[in-house]
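Below is one structure; the comments refer to it alone.
The values are calculated or read from the model by the stated rules, or taken from the named source; none is laboratory data. Just so it is clear, the structure is predicted and the values come from calculations on it, not from any experiment. FYI the Cβ positions are ideal-geometry reconstructions off the backbone, even for glycines, and counts take in every protein chain you see.
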């Protein structure tokens, strides 16, 4: 994602669930075993939940653009208990809750806790190691942190790091990835676009139902639905991968986009390894009516763009399909494993088009910030709460990637990237794990390099600023 964002902290007040219908409210036994709220992320301690791992989301939505303040939802979460559970949490902000069932039986109790915790007590204990399903029906006004209305009356669901809580109950943390099914019913004339590949579309009674499925594990913040009067283009990459692009009314459609997108994916695949998903494409939305929305987001398999699909943004967001989507964060200290690579990919694309990165990008950015201490004062790993996606990850991070490339050499650098994307495909990994892999592949001690670039808050020493062919740029060099 090409811009930094700030996010609100969470409350911890416990309150009864509103409009719980016929749910039976009874107290837990004194020895009850409960899953915790939060997975222990040092930046967002209330995000996600412990006690279970989600394997699949099946999200059903009903939306009428004539009533933009209302969303109907019916979501089934399939998970595996990692410990005995008498109670567990889901993340969901707002909404009136209709029914909650666990393994087909009405929940014994459902309460609210804090800003987004839905606390569910099943009728009986869920044993460790066993799968279970929880189905939640809900309706009401979705929260604008992750649900955004569009100028023409449609809607778009995007938000990082925790926009999923605005539209479906989830374990909303990147460390718990799951496959995803989406079914959306809208009035005739409107189209719903999601992640993955399309399924059967059916119509009746003035409404159309769209189905999408993403069969590769996905972090919840990468899930999306976009509803608008889209113009949809379908084609295929040379290897047969289906591509679906959707354009809102007023978004720029360029006939050169299909060929350009195919070229970008082919180029990035040559650097990072095979494209990781079963579909590709983009969603170009137009005219978001609320504030605070990112200009683009790497929604899995089909990034979301503002207004158009153009090369700079496409290179960045498509790179995230490897770095951030297929290989996702362990926790939010690891932003560099997504943004440092995605930003450097823009430089690689410029090089592909003929640019000299040493004397162009690298020298220009370095000389422009040599005497600017604020450029260097955010570490690239563990940047800090509120700065988890700081601009440093994009600018300083891209410099670091080029310096690392010159330090270990091209063959080793790109071999490391391909090894990284293969070893951790469809999983989670940390920035320290990348440092370890880079040292292993290069056969070099990289501790000093990474201390200077990724963990320091001052400009690196000259030996790390000017390795390899960059030495010619060193002040006083001839």
Starting from region 207-218, take each residue that is within 14 Å of residue 63 (Cα to Cα) and list its partners that are modelled with pLDDT under 95, counting only C-beta distances under 9 angstrom and pairs at least six apart or across chains. none
Only one of these conditions is not met by residue 356: (1) touching a residue at least 40 places away in the same chain (Cβ under 8 Å); (2) out of contact with any strand residue (DSSP E or B) (no Cβ under 9 Å at 6 or more places or on another chain). Which number is it? (1)
Criterion (surrounded by fewer than 21 Cβ atoms within 10 Å (Cβ to Cβ) and under 28 Å from residue 146 (Cα atoms)) met by exactly one of 224, 231, 220, 241: 231
Can you find a residue in region 429-436 that is free of Cβ contacts under 8 Å to residues at least 60 places away in the same chain and either assigned to a loop (DSSP other than H, G, I, E, B) or under 21 Å from residue 363 (Cβ atoms) (or both)? no
Any idea which of 328, 313 is in contact (Cβ under 8 Å) with a residue 24 or more places away in the chain, surrounded by fewer than 23 Cβ atoms within 10 Å (Cβ to Cβ) and under 25 Å from residue 223 (Cβ atoms)? 313
Of the residues in region 396-428, how many are without any contact (Cβ under 8 Å) to a residue 40 or more places away in the chain, out of contact with any strand residue (DSSP E or B) (no Cβ under 9 Å at 6 or more places or on another chain) and surrounded by fewer than 19 Cβ atoms within 10 Å (Cβ to Cβ)? 5
Subset of region 266-285, residues surrounded by fewer than 21 Cβ atoms within 10 Å (Cβ to Cβ) and either without any contact (Cβ under 8 Å) to a residue 12 or more places away in the chain or in a helix (DSSP H, G or I) (or both), comes to 266, 267, 269, 270, 271, 274
Do we have residue 391 as over 19 Å from residue 321 (Cα atoms) and modelled with pLDDT of 95 or more here? no
